[in-house]
1. Name the single residue, out of those in the range 475-533 being among the aromatic types (Phe, Trp, Tyr) and outside any helix (DSSP H, G or I), that is nearest to ASP550 (Cα to Cα).
2. Are any residues in the range 544-553 under 37 Å from the mean Cα position of the chain (by Cα) and buried (at least 18 other Cβ atoms within 10 Å of the Cβ), and if so, which ones?
3. Mind counting the residues in the range 65-76 that are more than 14 Å from ALA18 (Cβ to Cβ), open to solvent by less than 30 Å² (accessible area, probe 1.4 Å) and either modelled with pLDDT of 80 or more or not in a strand (DSSP E or B) (or both)?
4. Taking the range 276-285 only, how many residues are crowded, with 18+ Cβ neighbours inside 10 Å and modelled with pLDDT under 90?
5. I'd like the full set of residues that are under 21 Å from VAL610 (Cα atoms) and modelled with pLDDT of 75 or more, limited to the range 444-478.
6. Of all residues in the range 289-333, which are within 19 Å of GLN373 (Cβ to Cβ), over 23 Å from the mean Cα position of the chain (by Cα) and open to solvent by 60 Å² or more (accessible area, probe 1.4 Å)?
7. What is the one condition in (1) under 26 Å from HIS588 (Cα atoms); (2) open to solvent by less than 40 Å² (accessible area, probe 1.4 Å); (3) at pLDDT below 85 that SER441 does not satisfy?
8. Specify which of the listed residues (SER317, SER311) is among the polar types (S, T, N, Q), touching a Cys at 6+ places or on another chain (Cβ under 7 Å) and farther than 18 Å from ASP278 by Cβ.
Amino acid sequence: MKEFPWHHVFDPSREPVAEVLPSGRLGYMNPAFRQLFDALGRDLRGRSWRDLFADVEALPLQEALDEALTAGVSQIDTLRISPKIASGHVSVALARVPRAGPKPTTAALLVRSAAGNLRGFGEGRGSHAEVSAPQSAAVLLIDAAGRIEEGDDGAAATFGVEGPELQGRPWTTLLHSVSDESSLGIQEATQILSDLAGSGVAPAVGQRSDGQVFAARVRVSRRSSVEGGFVLLVQDVTPLRGLQSALDLSELQTRAALRELQLLENAFDQHAIVAVTDRAGRILYANDKFCELSRYSREELLGQNHRIINSGHHPKSFFRELWTTISRGDTWRGEICNRTKEGSLYWVETTIVPIDSAGERRYVSIRTDVTEQKRIQEQLVQAAKMAAIGELAGHISHEVNNPLGIISAKARLILSDLGAELSPRLVRDLGKIINQCDRLSRLTRGLLDFARPSLGTRSVIPVHDALHRVIDLVRDRIVQGGGEFVVELAERLPKVYGNPGELEQVFLNLLLNAIDAIDVGGRVCLTTEASGTLSDGREGIVIRVEDDGDGMDEPIQQRIFEPFFTTKEPGRGTGLGLSICQGLVRSHEGELTVESSPGQGTRFEVRLPVPESGAEEAPKT
């Protein structure tokens, strides 16, 4: 059996309190309860609570327990303690105790101290010559007119008024109604008592001589003497209310704590990726954010190692250092590149904290998605590179292009004027000089094109016109190389705002790269779509260039638009073509993207926005 949830409330209490299960068996007992009933044996757990009392039928006890479990509280005013324990009587109260989860609701049994028998109303008063009452109860004799004839010692203790001072007072000066609907009231006192006689227990509010009020329950019985009247047994149930209040407060505190934990968990799910692993690295817990970002379900993650999201970006030494740090109990912090289930990469800023709990080592990982920050950081680095290249290009144009032009012109002049007089070897050397000068001149022009912003004039143009001019340039090269060239253009394509020459340069570069990527018998496809959406939601058109070559892996795709990065053989490319294309497309407020997989070919897409005012559609020609 799990620990009683409210033990911290009742352990310090001087009142004997025990837990009663719906079956009537005892569970938790506080120290005061165990001390009171120690005579029955040290281990009372599991025994019926009926064993604590004598001369009592099982049915009333079960009814009181059922009332507490359903209505919240119940009370039995007088029970005789088992002779095996002590002599005397006690008053017991039962209050419903909430339990979280599937465990049944139980009841807390509060036992008031034993009091013995009370005598004090003179001889010859019928069946009330001897009245048994608990110590916390007051007994009042009320005459037929509703005035107090006599009160016992319990009345003096309960109300703070000695016996002689009670005589002749209306009983309503001591007891008031709890509400307008209560059974007790100030007016028509005799009729009220008559109605209550023998009907059970009624709630009331008692008032002491110093003005303090207390929660009370009243049982009314008729007197059998010739004088008539009533006997009132008044029970101070403030401890019972306190017990229920303590239970309610503890329940509210527990619910508040659970709500706070839920709020914290929701806050974590909105921002942080949280995971808990064992010493071997197996995932024991993964929050919603982890599942959302990694694209794995929780079932797919639990029990797995973090290698399931390893991107291959970091060397093995990186993870060896990580594990060395957390294995010696230190916290590790750093950035990690992971891979989703779908294959895309994402970056997380990670803190891993070792925690030892119950002899077990656990690693709590709290991560923040910094993919967007990394992208912005890379853009800043790229901008810095662009600035450096622009400055370099200006210097090259001045310091290199001018001398190159002179060298190339002189070499051409020598070949033109003195070629017949020169040896074949010198003619070949002069030709090499001219070729290298031309090559360097193209390189510097490429640098200038890449570094300088586009200055071409813009107008509303039909993109298909620019594509047809490029198609005419590359078709023969593809066919002569044994490849297949597939062109599928949209019937009507909206015009765009741009520069025809710059767009031709973009399309030509993409097609030439596709031709270089295919083998003999390979395929290059050029398609257009009249409806496409840019990443910011703008409407646009799509120009797509695809090949069925070897494709590229993720690390190469991440660098494909970097200046001077190339996968071609030395001498076949400068690494500036795609960088220039991306710059030109961006200058048209468009987007250039790539999709590729090893062995699956490559697809480049150019998305260009359609003017918001609307451009007429140009027919396919």
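The values are calculated or read from the model by the stated rules, or taken from the named source; none is laboratory data. Everything quoted here is computed from the prediction, not taken from an experiment. So basically every Cβ, Gly included, is an ideal-geometry build from the backbone, and we count neighbours across all protein chains shown. Ligands, DNA and RNA are stripped out before the accessible areas are found, and what is left, the full protein with its side chains, is counted by its heavy atoms. Shrake-Rupley method; radii C 1.70, N 1.55, O 1.52, S 1.80 Å.
1. Just the residues of the range 475-533 that are among the aromatic types (Phe, Trp, Tyr), to begin with: 485, 497, 507.
After this cut, where a residue has to be outside any helix (DSSP H, G or I) as well, the list is 485, 497.
Values: PHE485: 17, TYR497: 35 Å.
Among those residues, the one meeting the criterion is PHE485.
2. Step one: of the range 544-553, the residues under 37 Å from the mean Cα position of the chain (by Cα) are 552-553.
If the condition is that a residue be under 37 Å from the mean Cα position of the chain (by Cα) and buried (at least 18 other Cβ atoms within 10 Å of the Cβ), then MET552 is the only one that fits.
3. Residues flagged as more than 14 Å from ALA18 (Cβ to Cβ), open to solvent by less than 30 Å² (accessible area, probe 1.4 Å) and either modelled with pLDDT of 80 or more or not in a strand (DSSP E or B) (or both) within the range 65-76 amount to 1.
4. Let us first name the residues in the range 276-285 that are crowded, with 18+ Cβ neighbours inside 10 Å, namely 277, 283.
If we keep only those that are modelled with pLDDT under 90 as well, we get none.
The total comes to 0.
5. Step one: list which residues in the range 444-478 are under 21 Å from VAL610 (Cα atoms), which gives 454-468.
Matches in the range 444-478: THR457, ARG458, SER459, VAL460, ILE461, PRO462, VAL463, HIS464, ASP465, ALA466, LEU467, HIS468.
6. HIS313
7. Condition (1) is where SER441 drops out.
8. Details: SER317 fails: touching a Cys at 6+ places or on another chain (Cβ under 7 Å).
Being among the polar types (S, T, N, Q), touching a Cys at 6+ places or on another chain (Cβ under 7 Å) and farther than 18 Å from ASP278 by Cβ holds for just one of SER317, SER311, which is SER311.
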